[in-house]
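Colleague: Below you'll find the structure I mean.
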Amino acid sequence: MVKTMEKTFDMTLKRCTRCVLPETFPGITFDHDGVCNYCLSHQPVKVRGEEELLKVLSENRNKGDKYDCVVPISGGRDSSFVLHQMVKKYKMRCISLTVDSGFILPEGIRNIETVTKALGVPHVWLRDDNKIGVAQQNCIIKFHGWLKNPSINTIVPVLNAGDKTMNLRMARFAHENRIPLVWGGNYVGNCSFEEEHWKRGFMGVFPDDRGTFTTGQKIKLVTYFVTKEFLPNSYNFKWPIFKEYMTGGAVYFFEALFRPKDVRFLGFWDYIYWREKEVEATVINELGWEGAPDHTTTWRIDDSAYPLLNYMFLKIVGFTEHDEMYSKMIRENQLTREEGLRRTFADHHSDWVTGPRVTASIKELGATREQVDEVLERYSEKFLAQILKKD
């Protein structure tokens, strides 16, 4: 049943003739040649450049007592690459750090250990077992509530229950250890290819190319979420869940006010242009980094939320985050459309998205695959009728 639904989506959805975005992508329109508005309005990705990066590094080199910078590492390919560059290319005194949300996959943990050992870089885990326990329990409660009242807008906040104060914890660590600079963090410095605008797009709010929302957009987003998604669902009216959302909201709007003033957060990919082939070749060949054996891409193999997240989006609207990633790569001439389509459909059918990981995640949440599939199929039919204006 799973394979049939995926095949149907792959074969029947109208897709842009230039990239691979489908007609179910939020905000999409097509011109008379079948080219989508995202391709028509595309501007080449711009970065500040290595010269500017070198200035930043020079300003912070030897400024700390023992280390020049903190480099957060999740075990994914990009954070591993950034650490490699800071150590090997730019000769910074680095310490690597991971905030353990309780949702890091074994592949991520393995890569953290492999990469830091290969680079000879000290690594620190920040872990709060109480927070992890609460987050996991909240996730179970919210998931069962979602099954009763599904919404495409709440898939991410229901399943992605990572530590909302992650950046603040890293900033405090840097402050306490007199380290002036943190490279990256939660939503800090993601490359333009990985900005997931569409996950808020179904609410009619779209950020800029760097994923930045205006204050007005933030207010609109939060207002919509509270009135349309939070308040109508009684499962949210439990103190741990209410506290999670309130903390997330406060951090979302006011995180900069809470950070120590002597710690600077910057994004590596704001300075250096991201190239997948370079990233993969570096971390695999020089650091011994490994992907997941059951997936067809090296992206996002460190976070346990994403197999189920992608599965749910695939079942509802027929695409995943990979469709958007490859479309951006096509526009930037890193992929041909033919290769983008091949990779898109391969990812859709990989065991990572459809196989045992998803079944195990659902079981951990106290549900069955059959139960979830029934809800997803019923909701998908209703939702597609709305966005595709089907009778």
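Colleague: Considering only region 115-143, state which residues are among the β-branched types (V, I, T), surrounded by 17 or more Cβ atoms within 10 Å (Cβ to Cβ) and over 18 Å from S304 (Cβ atoms). Walk me through it before giving the result.
Modeller: First, the residues of region 115-143 that are among the β-branched types (V, I, T): 115-116, 121, 124, 132, 134, 140-141.
Within this subset, residues satisfying the condition of being surrounded by 17 or more Cβ atoms within 10 Å (Cβ to Cβ) are 115-116, 121, 132, 134, 141.
Matches in region 115-143: V115, T116, V121.
Colleague: Next question, about the same structure. Is it the case that D270 is loosely packed, with under 15 Cβ neighbours inside 10 Å, over 21 Å from K218 (Cα atoms) and in contact with a Lys or Arg (Cβ under 9 Å, 6 or more places away or on another chain)? Even if it seems obvious, please write down each step before you answer.
Modeller: Details: loosely packed, with under 15 Cβ neighbours inside 10 Å: no; over 21 Å from K218 (Cα atoms): yes; in contact with a Lys or Arg (Cβ under 9 Å, 6 or more places away or on another chain): yes.
No: the conditions fail for D270.
Colleague: Any chance region 85-108 includes a residue that's closer than 15 Å to L126 by Cβ, without any contact (Cβ under 8 Å) to a residue 40 or more places away in the chain and aliphatic (A, V, I, L, M)?
Modeller: Checking region 85-108: not a single residue is closer than 15 Å to L126 by Cβ, without any contact (Cβ under 8 Å) to a residue 40 or more places away in the chain and aliphatic (A, V, I, L, M).
Colleague: Now, a different point. Can you name the condition, by its number, that L231 falls short on among (1) at pLDDT 80 or above; (2) touching a Leu at 6+ places or on another chain (Cβ under 7 Å)?
Modeller: (2)
Colleague: Would you say T297 is under 23 Å from W198 (Cβ atoms), among the β-branched types (V, I, T) and surrounded by fewer than 16 Cβ atoms within 10 Å (Cβ to Cβ)?
Modeller: Values: under 23 Å from W198 (Cβ atoms): yes; among the β-branched types (V, I, T): yes; surrounded by fewer than 16 Cβ atoms within 10 Å (Cβ to Cβ): no.
Considered against the rule, which asks whether it is under 23 Å from W198 (Cβ atoms), among the β-branched types (V, I, T) and surrounded by fewer than 16 Cβ atoms within 10 Å (Cβ to Cβ), T297 comes out as no.
Colleague: Then there is this: Given the condition closer than 29 Å to V115 by Cα and part of a loop (DSSP other than H, G, I, E, B), answer yes or no: does some residue in region 305-312 qualify?
Modeller: There is no residue in region 305-312 that is closer than 29 Å to V115 by Cα and part of a loop (DSSP other than H, G, I, E, B).
Colleague: What pairs can you find where one residue is in region 128-142 and over 14 Å from W239 (Cα atoms), the other is of a type in the set (A, V, I, L, M), and their Cβ atoms are less than 8 Å apart, with a gap of 6+ or different chains?
Modeller: Going by the 8 Å Cβ cut-off, the qualifying pairs are Q136/A161; I140/L365.
Colleague: OK, next. Here is a check on your reading of the model: is G184 modelled with pLDDT under 85, closer than 20 Å to V82 by Cβ, touching a Pro at 6+ places or on another chain (Cβ under 6 Å) and assigned by TED's automatic domain parsing to the domain that holds V71?
Modeller: Values: modelled with pLDDT under 85: yes; closer than 20 Å to V82 by Cβ: yes; touching a Pro at 6+ places or on another chain (Cβ under 6 Å): yes; assigned by TED's automatic domain parsing to the domain that holds V71: yes.
So G184 passes the test.
Colleague: Also, quick follow-up: Does region 115-138 hold any residues that are closer than 23 Å to G291 by Cβ and either touching a His at 6+ places or on another chain (Cβ under 8 Å) or assigned to a helix (DSSP H, G or I) (or both), and which are they?
Modeller: V115, T116, K117, A118, L119
Colleague: What are the residues in region 252-271 that are part of a loop (DSSP other than H, G, I, E, B) and touching a residue at least 24 places away in the same chain (Cβ under 8 Å), if any?
Modeller: Applying the first criterion (part of a loop (DSSP other than H, G, I, E, B)) to region 252-271 yields 259-263, 267, 271.
Within region 252-271, R259, P260, D262, V263, G267, Y271 qualify.
Colleague: Taking the conditions exactly as written (β-branched (V, I, T) and within 20 Å of S151 (Cα to Cα)), does T227 satisfy them or not? Spell out how you get there, then give the answer.
Modeller: Numbers: β-branched (V, I, T): yes; within 20 Å of S151 (Cα to Cα): yes.
Answer is yes for this residue.
Colleague: Among all residue pairs at least 6 apart or on different chains, which show Cβ distances below 6 Å where the first residue, located in region 146-158, is touching a residue at least 12 places away in the same chain (Cβ under 8 Å) and within 18 Å of T24 (Cβ to Cβ) and the second is among the aliphatic types (A, V, I, L, M) and assigned to a loop (DSSP other than H, G, I, E, B)?
Modeller: That search, which allows pairs on different chains as well, returns N153/M203.
Colleague: Can you name the condition, by its number, that E338 falls short on among (1) surrounded by fewer than 16 Cβ atoms within 10 Å (Cβ to Cβ); (2) under 25 Å from N111 (Cβ atoms)?
Modeller: Result: E338 passes all but (2).
Colleague: Looking only at region 344-390, which residues are under 21 Å from the mean Cα position of the chain (by Cα) and not in a helix (DSSP H, G or I)?
Modeller: If the condition is that a residue be under 21 Å from the mean Cα position of the chain (by Cα) and not in a helix (DSSP H, G or I), then H349, S350, G355, L365 are the ones that fit.
Colleague: Another question, if that's okay. Report yes if some residue within region 272-290 is without any contact (Cβ under 8 Å) to a residue 24 or more places away in the chain, assigned to a helix (DSSP H, G or I) and among the small types (G, A, S); otherwise report no.
Modeller: The answer is yes, given that some residue of region 272-290 is without any contact (Cβ under 8 Å) to a residue 24 or more places away in the chain, assigned to a helix (DSSP H, G or I) and among the small types (G, A, S).
Colleague: While we're on this one: Looking only at region 226-247, filter to residues that are hydroxyl-bearing (S, T, Y) and in contact (Cβ under 8 Å) with a residue 24 or more places away in the chain; which one of those is farthest from V134 (Cα to Cα)? Even if it seems obvious, please write down each step before you answer.
Modeller: The first filter runs over region 226-247 and keeps only residues hydroxyl-bearing (S, T, Y), leaving 227, 234-235, 245, 247.
Keeping just the survivors that are in contact (Cβ under 8 Å) with a residue 24 or more places away in the chain gives 234-235, 245, 247.
Working: S234: 18, Y235: 15, Y245: 13, T247: 13 Å.
Here the residue is S234.
Colleague: I would also like to ask the following. Out of the residues in region 139-169 that are in a helix (DSSP H, G or I) and over 20 Å from the mean Cα position of the chain (by Cα), which is farthest from F265 (Cα to Cα)? Don't jump to the end; show me each part of the working.
Modeller: To start, the set of residues in region 139-169 that are in a helix (DSSP H, G or I) comprises 139-148, 152-159, 166-169.
Now restrict to residues that are over 20 Å from the mean Cα position of the chain (by Cα): 140-141, 144-148.
Numbers: I140: 33, I141: 34, H144: 37, G145: 36, W146: 35, L147: 38, K148: 40 Å.
If we take residues in region 139-169 being in a helix (DSSP H, G or I) and over 20 Å from the mean Cα position of the chain (by Cα), then K148 is farthest from F265 (Cα to Cα).
Colleague: Which is out of contact with any Gly (no Cβ under 7 Å at 6 or more places or on another chain), modelled with pLDDT of 80 or more, surrounded by fewer than 18 Cβ atoms within 10 Å (Cβ to Cβ) and of a type outside the set (S, T, N, Q), of G211, G249, G216, G291? Step through it out loud before you land on a result.
Modeller: Working: G211 fails: modelled with pLDDT of 80 or more; G249 fails: modelled with pLDDT of 80 or more; G291 fails: surrounded by fewer than 18 Cβ atoms within 10 Å (Cβ to Cβ).
Among G211, G249, G216, G291, only G216 is out of contact with any Gly (no Cβ under 7 Å at 6 or more places or on another chain), modelled with pLDDT of 80 or more, surrounded by fewer than 18 Cβ atoms within 10 Å (Cβ to Cβ) and of a type outside the set (S, T, N, Q).
Colleague: Being modelled with pLDDT of 95 or more, polar (S, T, N, Q) and farther than 21 Å from G340 by Cβ is the filter here, so list the residues in region 2-59 that pass it.
Modeller: S58
The values are calculated or read from the model by the stated rules, or taken from the named source; none is laboratory data. Not measured: the values here are computed from a predicted model. Using ideal geometry, Cβ is built from the backbone for each residue, glycine included, and neighbour counts are taken over all protein chains shown.
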